[in-house]
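Written below as structure tokens is the structure these notes are about.
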């Protein structure tokens, strides 16, 4: 009997423990679910409204627009009679030249054959000079030897291709001078004298047959010719409109090919950029307005509006002038650029912190639990942010606002984002 009673008690205790554990599990589950719901609400509210306030800081905003721009240059093509022979460039692409400077020359007839004969003679002259070195010694040849050795030593340390070309040219000229001096020192009828006289004859023949082309004005030399030089010029901006530019059929970003027949002199003091835009800034622009333009290299330059054509579909074709970065645009006729219509710096605040009443703008400042409405002056605004400042004393007097309204916003003020009606009424 006693054993039966004990077993019965054990079953009762086990059942009670089981019920207690079940209750604990239910309570724990309820608590866990409540926490999950609470955290979900917090996360949702945070995502929906990540911050209820913002700190006033210095910042900047700008209005920019990317457009396809046509490059209009003050340029003139220069071309000689022997352009079919091919050319030798004396000045490199982008070099500045003065009026009358030799820019390039055309190959003369039979030039390759003459140059080959001169090269063969140079080898023979060099051998003859080495054999008669002591007999041909002079202070002038010694100086030339020193200059040649110095250039040869320096050329190994240079990486710039243009500089290397100049060094090679200088070395070649020094060797030629040395040969001429040696020829003068050589006895009449000697082998060396004969070689040098023969070389001079070929050199004269080469020079007489060459056609040298000189700059007709100062500027930048370019060999990139696209046959639009006379079509896109600064003679008459009234013809430059959307239809005219589209009819040129120029591909955006296409590199202008280098010519082997002609060159051109480009005005390096001013260049023009034409584009069509339908933005408010473009349609409200005026001749004489100044903006900034970001070139393909990202370099920002100042630009001035020189001409505006109003298009029929609420667009404007605008011609800007620039005086910097002109050499960077020699490669292109049409390229994307960024027009920076304006930029502003100062107190940068989110537009969601600004409220408007009676055509005046305010922000709500919170400090130690107290709210204060501050009058602000908006300098510039974008879709998301505004640059604000304080009104001057004279401006405030003209506004005729309540004397209790605060009129001074300062750095690190804490502003309410999306102020509610109750918060606004609380201040009033």
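The values are calculated or read from the model by the stated rules, or taken from the named source; none is laboratory data. Fair warning: this is a prediction, and the values are worked out from it, not measured in the lab. Note that we place each Cβ from the backbone using ideal geometry, even for glycine, and neighbour counts take in every protein chain shown.
Consider residue 343 carefully, then state whether it is under 30 Å from residue 275 (Cβ atoms) and surrounded by fewer than 16 Cβ atoms within 10 Å (Cβ to Cβ). Give the steps one after another, and end with the answer.
Working: under 30 Å from residue 275 (Cβ atoms): yes; surrounded by fewer than 16 Cβ atoms within 10 Å (Cβ to Cβ): yes.
In short, yes.
Of the numbered conditions (1) on the phi > 0 side of the Ramachandran plot; (2) not in a loop (DSSP other than H, G, I, E, B), residue 342 fails exactly one; give the number of that condition.
Here residue 342 clears every test but (1).
Kindly provide the set of residues from the range 374-398 that are out of contact with any strand residue (DSSP E or B) (no Cβ under 7 Å at 6 or more places or on another chain) and without any contact (Cβ under 8 Å) to a residue 60 or more places away in the chain, ordered by number. So that I can check it myself, show each step before the final result.
Of the residues in the range 374-398, the ones out of contact with any strand residue (DSSP E or B) (no Cβ under 7 Å at 6 or more places or on another chain) are 381, 383, 392-398.
Listed by number, the residues that qualify are 383, 392, 393, 394, 395, 396, 397, 398.
Residues of the range 357-373 being on the phi > 0 side of the Ramachandran plot and touching a strand residue (DSSP E or B) at 6+ places or on another chain (Cβ under 7 Å), which ones?
Hits for the range 357-373: nothing passes.
Check 217, 251 and return the single one that is outside any strand (DSSP E or B) and surrounded by fewer than 13 Cβ atoms within 10 Å (Cβ to Cβ).
So the residue among 217, 251 that is outside any strand (DSSP E or B) and surrounded by fewer than 13 Cβ atoms within 10 Å (Cβ to Cβ) is 251.
Being within 19 Å of residue 81 (Cα to Cα) and surrounded by 16 or more Cβ atoms within 10 Å (Cβ to Cβ) is true for just one of 264, 242. Which residue is that? If you could, list the steps in order and put the result at the bottom.
Values: 242 fails: within 19 Å of residue 81 (Cα to Cα).
264 is the lone residue from the list that is within 19 Å of residue 81 (Cα to Cα) and surrounded by 16 or more Cβ atoms within 10 Å (Cβ to Cβ).
A quick yes/no check of all residues on (1) surrounded by 15 or more Cβ atoms within 10 Å (Cβ to Cβ); (2) in contact (Cβ under 8 Å) with a residue 24 or more places away in the chain:
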residue	(1), (2)
316	yes, yes
327	yes, yes
335	yes, yes
352	yes, yes
357	no, no
400	no, no
404	no, no
412	no, yes
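In the range 282-311, what residues are over 22 Å from the mean Cα position of the chain (by Cα) and more than 26 Å from residue 331 (Cβ to Cβ)?
Those that are over 22 Å from the mean Cα position of the chain (by Cα) and more than 26 Å from residue 331 (Cβ to Cβ): 283, 284, 285, 286, 287, 288, 308, 309, 310, 311.
Filter the range 93-117 for residues that are in a loop (DSSP other than H, G, I, E, B) and closer than 20 Å to residue 327 by Cα and give the result. Even if it seems obvious, please write down each step before you answer.
If we filter the range 93-117 for residues that are in a loop (DSSP other than H, G, I, E, B), which is where we start, we get 93-95, 98-101, 107-110.
Hits for the range 93-117 are 93, 94, 95, 98, 99, 101.
Please state which of the following conditions residue 421 fails to meet, knowing it meets all the rest: (1) in contact (Cβ under 8 Å) with a residue 12 or more places away in the chain; (2) more than 30 Å from residue 64 (Cβ to Cβ).
The one condition residue 421 does not meet is (1).
Within the range 262-317, considering only strands (runs of 3 or more DSSP E) that don't extend past its boundaries, which have at least 3 residues that are more than 25 Å from residue 92 (Cα to Cα) and out of contact with any helix residue (DSSP H, G or I) (no Cβ under 8 Å at 6 or more places or on another chain)? Quick ask: steps written out before the conclusion?
Working: elements: 263-277, 290-294, 300-310.
Output list reads 290-294, 300-310.
When you look at residue 327, is it outside the structural domain of residue 381 (by TED's automatic domain parsing), at pLDDT below 95 and not in a loop (DSSP other than H, G, I, E, B), yes or no? So that I can check it myself, show each step before the final result.
On the way: outside the structural domain of residue 381 (by TED's automatic domain parsing): yes; at pLDDT below 95: yes; not in a loop (DSSP other than H, G, I, E, B): yes.
When the stated conditions are applied, residue 327 passes them.
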